[in-house]
Amino acid sequence: MKQVAKDKKAIVLLSGGLDSATTLYLAKAEGYRITCLIFDYGQRHKREINSALKLARCAGCDFNIIKLGLPKGSSSLLDRKIKIPRSAFGGIPSTYVPARNLIFLSIATSFAESIKADNIFIGANAIDFSGYPDCRPKFYRILNQLIKTGTKAGVEGRPIKILTPLIKKSKKEIIRLGRKLNVPYELTWSCYKGGKRPCGVCESCFLRKKGFNEAGLKDSLTNSGK
């Protein structure tokens, strides 16, 4: 695992899920001075915000909670009138929030440039995922070029880079990496429904269960796995 200079700063987008938690601990292991950004955007699974706070504190990292009002009516994560789909793959599901990662990463870029951070980490994944367009490698390639072109840091030769260390890893690989990094997965939250206990049937729950089963590990949050 690479180590960076002690003065290197990074922003980590921390949702509270297992991918973002693994990304946080990976960035920490690499030696970055981390500021976590936690977004409260009206999501029905607000429990993930509490998980993100616990993870940031457990990792000993600074954090900021960013409150946003995103348009409702097009995503089941924002509008309770729209039913959360079960784990049925095919097409882009109703849990897609329009331009969510573009918005989050634009804010993260502003933060990064303000505190002179070198990198922005996001736990995006394009293997075991729901097919969201803003989780695919092409999106990040283009966005990195835009940041290089459209920021003072970029035009002065100090481009801020978005790093996606998990983008080509399966959930099994992510979870095994997290175990090596001692990620406290019991603090994470994945379920889209945001109840007291994971529903076990939404796409996010399905992918989590699949990952722990394939990794041959037990998920202490859900008491599932091996």
The range 28-110 accessible area per residue, 1.4 Å probe, protein heavy atoms, integer Å², reads 50
So, for the range 112-226, what is the accessible surface per residue at a probe of 1.4 Å, expressed in square angstrom?
49
Using a Gaussian network model on the chain with a 10 Å cutoff between Cα atoms, which of Lys81, Lys148, Lys169 fluctuates the most?
Lys81
Using alpha-carbon positions, what is the distance between the centroids of the range 1-30 and the range 64-112, in Å?
22
Taking protein heavy atoms only, a 1.4 Å probe, and rounding to whole percent, the accessible area of the range 84-226 owed to carbon and sulfur comes out at 55
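Based solely on its DSSP helices, what 222 nm [θ] is calculated for the chain when runs of n ≥ 4 H residues each add -39,500 (n - 2.57) and the sum is averaged over all residues, nearest 500 deg cm²/dmol?
Value at 222 nm, helices only: -11000 deg cm²/dmol.
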Diffusion coefficient, µm² s⁻¹, Stokes-Einstein with Kirkwood Rh over alpha-carbon pairs of the range 184-226 at 10 °C and 1.306 mPa s
155
Give the aspartates and glutamates whose C-alpha is closer than 19 Å to that of Lys67, dropping any in the same chain fewer than 8 places away, or say none.
Asp40, Glu48, Asp79
Restricting the range 110-216 to GluC sites (Glu not before Pro) in coil, as DSSP defines it, with at most 16 other Cβ within 10 Å
Glu156
Give the share of C-alpha pairs in each 5 angstrom bin for the range 90-190, from 0 to the last occupied bin, in whole percents, shortest bins first.
2, 11, 19, 20, 18, 16, 9, 4, 0
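The values are calculated or read from the model by the stated rules, or taken from the named source; none is laboratory data. Not measured: the values here are computed from a predicted model. With ideal geometry, Cβ positions are generated from the backbone for all residues, glycine too; neighbour counts draw on all protein chains shown. The area values use the complete protein model at the heavy-atom level, side chains included, leaving out ligands, DNA and RNA. Shrake-Rupley method; radii C 1.70, N 1.55, O 1.52, S 1.80 Å.
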